[in-house]
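Notes to accompany the following structure.
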């Protein structure tokens, strides 16, 4: 009987520090559960955060393009036509003189705005502004009437022209021919 009591005392001494250790810390299972939960939450939160920053940058581009549209409409009212076509990232001639002094040549993502003015082939002039989007490459065709109806077009509502990430502000088609490039 003494040996049984000694054995129980010895066993209790061995197990007592282990119990104390478990009470002071976390088990491996608890740690793995927490790490898994954090991983799942971050896999949901990070993409949503990145998408919201992209959306805010496209909203900034829409605001820039809205200011450009206002300046172009004022120019049209005073001159009976729109400025001529310019190269990518350039300010249309005459716009900086009283219409829009800070015409944005580059926008979010480091992408540029491209003002297009060209004859549609039917005796009318087609005007648009293309924001090259996140990949900074022009995905929509050049010198082609894309959207006859004026408005803002993006990939989300237009897959006709393989618009990867471009945003197009169409001013529509106006009667008469366009001004020559750079004028």
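Could you compute the FRET efficiency for residue 56 and residue 29, with r as their C-beta to C-beta distance and R0 at 41 Å, rounded to 0.05?
Once the sixth-power term is evaluated, E becomes 0.50.
Once the piece of chain linking residue 87 and residue 45 is laid out straight, how much longer is it, given 0.36 nm per residue of separation minus the C-alpha distance between them? Walk me through the intermediate numbers first.
Working: separation 42, 0.36 × 42 = 15.12 nm, distance 4.01 nm.
Here the segment from residue 87 to residue 45 would lengthen by 11.1 nm.
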For 152, 37, ascending order of other Cβ atoms within 10 Å (fewest first) is 37, 152
Note: residue 73 to residue 136 extended length (0.36 nm per residue) minus current alpha-carbon separation gives 20.0 nm
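A short reminder: the numbers here are calculations on the coordinates, not readings from a lab. Remember, it's a predicted structure, so these values are computed and weren't measured experimentally. For neighbour counting, all protein chains shown are included, and Cβ atoms are generated from backbone atoms with ideal geometry for every residue, glycine included.
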